[in-house]
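Data first, discussion second: the structure below is written as structure tokens.
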Amino acid sequence: MASISARRLSKELTEIKNEGCPVGINLVKADDFSTWLFTIEVMGESLYQGEKYTLQFRFDSSYPISSPAVQFVVGDGHTSPVHPHVYSNGHICASILGNEWSPVLSVVAVCVTLQSMLASCKKKERPPDNDRYVRNAPDNPKKTRFHYDDDTV
Amino acid sequence: MSSDYEISDDDENYYDYDEDMIDGTQDEEEEDGDMYMDTYGDDFKVAPKNKRKPYEIEYESLSQAAVEKLMQEDVEHICGIFGVDGSTAALLLRHMSWNKERLIEKYMDNPSKVLVDAGVTVKEPSSPSAPVRSHSSSNSNSNANNGRRPTRSTSKLIGLASGSKSPKIPTVSPPALRPSKPTRPTPFVCPICFDDSPDLKPLSLDCEHSFCSGCWTAYVSSKINDEAEHCIRCMAEGCALVTPDPFIRALLLVEPTEPVGEPSLQKENVATWARFQELLVRHFVASNPNLKYCPYPSCTNTVSCPGAASKASLATVVPIVSCGRRGFGITEEMSQSQPVGMGLAAKEHKFCFGCPIESDHRPVVCNVAKMWLKKCRDDSETANWIKSNTKECPQCQSTIEKNGGCNHMTCKKCKHDFCWVCMGPWAEHGTAWYSCNRFDEKGSVEARDAQSRSRASLERYLHYYNRWANHEQSAKLSVELYTKTEKKMEDMQITSALTWIEVQFMKKAVEEVEKCRTTLKWTYAMAYYLARGNEKELFEDNQRDLEKAVEDLSELLEQPIEAENIPTLRQKVTDKTVYVQKRNDIVLEDTAMGFLEGRWKWNVAVEGFDEPEKVEF
């Protein structure tokens, strides 16, 4: 299994290096096959114009069969975007990171999805249960069972 | 109880039960009631020797294989009606939660829609612009808006697949494991692991999303083992096809002709397949109100108890059942090597069919038992602490804890000044601080009366709770005591002239004590909620008689055991055990009959019963 995840990630990395990331997404760090960092910006008109966020991917040996652990980096000068699906600790409630993950999705696909999630946001606000969630949140967002109730944003 | 005579008309029952399923739910309650009474009547006629006691419910224990047989019968039934193959019928049934009637109705109405919804066939490509799934994620929506696909490799694949896709006709071809089109123009690269070696085995469902067999196996194993999912969709994003059983089977189980892979991996895959079978059985059991899975860890038996399947029936019966196995986590081999009934550790898998309480809560019905447990969880410790550490303000009844200082109390809430010792108004104390000698004065007597009234309900609860907890504790202690005694008895068997059978009386007695204490425990839960009246008094008389008998027997069990007094002790214990058994039967029988006759009235509202006439304690 470990070899599948390594092979897959090295292939994804080569593709990123050869073809570059989509507009607004930049690779910051991918020194190993456990943690990658990207910066993400929303291009064009949006509530997040001119803001730059750092996105962290954590992979385990069962990637891509199971989803990567994805969150915004918080602290050290980084913050998480104010968005109804993003908690202040950087955790993201998105169905493709949970029960709708498919092994054919890739790191870049996740970045693009999150980018468009930010782009389509109409009101900057935290999720309604932010404080309660952040207080008890596990370190790994994959351990949280999110309830996906809103497909519009 | 699964006695022999039931098995004689087994087949008939099966069909009856199938009929019930088809008939639907509207008349379920009625039928269940009838069934209970009928079988009870039959019992009486057919096998007077094996008479089921009124407090026992009729049930049948099924092994996993037996449940699989039931599933197979349903599948074959559907195959016969729809003319589809077994794996398709299974997917359709699972999609409809094994509700055959609804499936037949829907299928007759619109077969292609049902097949698409169940993930058997792909949607007809008549409206290619429509999203693949109605509840598609925010991701695929936004991607569609952006006009781009998640990854380049995926888009390539989807393009290829849709290009080669021929319009699907709703006739069902078995979606078996098949290699993807061999005439693929480009060499196959698995879009998941990016492996492109020529000996890779590309596999796909009818949707023709091809992935290599290794990725398929890893995916299927992860779904089964990590997510306990039996409905496994195609790996392609947004594809709703469900992998049929033969596909999964072929992935996990190696055909005899194929080269055998790594043995450890093979073993793992075989275990995954077994787990998959178990998940299917669990789903079937969960979908059928007549069935319940044994809650004991690693036990795979199922109990069928149609008499307790409806909520309404739980007001009249306490469906305590046993799956037929004993012990914790005992596998087939272990239970064979170890004779059943060795020591008290090999306990029966007894549980309640009607509620999640994993023990015998007879004689009290599920709803009352649940209410009591909730109250105990919420209240008992708090209540105990309040009782021993606080008093109530004589004026406003606020609960007050005295945490230091003198006896002159000023209520924080109503500012009433009173004496902590006599509870009378402080004004009457004059200057006699710290030494209250006014206990009998009128004012303080009144204050204490008011206090005791407000405490009465707490006291009442604690009365029942303490006895409940005591019986639970005593039952544990008697089992502990027995483990010590058992050793002694066995020693004695070696040193004295007694035979093995002669030293077994203690075991029987301890088992009986434990059983009766469980009954007694729950009688207190019942008594707490029973409305006052003659019925309650009769109930408490029976309870008292059983309690006395059990305490007597318990005392006998604690007597020192010497070789010379064994014969007398044995006689006494055996007699008492029989008596205790009788008393237990009386309590359980009378209570069970009371439920059937609707004799019991509660002092609170209980689901399934009439509202209490008035609340009184």
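Assorted remarks:
- Only residues that are of a type in the set (Val, Ile, Thr) and either within 9 Å of chain B (Cβ to nearest Cβ) or outside any helix (DSSP H, G or I) (or both) were counted across region A:115-139, and they come to 0.
- Selection count where residues are buried (at least 20 other Cβ atoms within 10 Å of the Cβ) and within 26 Å of the chain's Cα centre (by Cα), scope region B:575-593: 5
- Matching residues in region B:217-252 - criterion: being assigned to a helix (DSSP H, G or I) and among the hydrophobic types (A, V, I, L, M, F, W, C): B:Ala218, B:Val220, B:Ile224, B:Phe247, B:Ile248, B:Ala250, B:Leu251, B:Leu252
- Candidates A:Val112, A:Val70, A:Val107, A:Val86: the one that is touching a Ser or Thr at 6+ places or on another chain (Cβ under 8 Å), within 14 Å of chain B (Cβ to nearest Cβ), at pLDDT 90 or above and crowded, with 17+ Cβ neighbours inside 10 Å is A:Val86.
- Identity of the residue in region B:218-238, surrounded by fewer than 23 Cβ atoms within 10 Å (Cβ to Cβ) and under 22 Å from B:Val114 (Cβ atoms), that ends up farthest from the other protein chains (Cβ to nearest Cβ): B:His230
- Of residues in region B:388-424 being in a strand (DSSP E or B) and of a type in the set (A, V, I, L, M, F, W, C), the one farthest from B:Val445 (Cα to Cα): B:Ile400
- For B:Tyr55, the requirement of being under 22 Å from B:Lys292 (Cβ atoms), in a helix (DSSP H, G or I), under 24 Å from the mean Cα position of the chain (by Cα) and at pLDDT below 95 is not met.
- Pairs, first of a type in the set (Lys, Arg) in region A:20-42, second not in a loop (DSSP other than H, G, I, E, B), C-beta under 9 Å, six or more apart: A:Lys29/A:Thr35; A:Lys29/A:Trp36; A:Lys29/A:Leu37; A:Lys29/A:Phe38
- Per-region count, region B:501-525, residues in contact with a Pro (Cβ under 7 Å, 6 or more places away or on another chain) and of a type in the set (A, V, I, L, M, F, W, C): 1
The values are calculated or read from the model by the stated rules, or taken from the named source; none is laboratory data. What you see is a predicted model, and the numbers here were worked out from it, not measured in a lab. Using ideal geometry, Cβ is built from the backbone for each residue, glycine included, and neighbour counts are taken over all protein chains shown.
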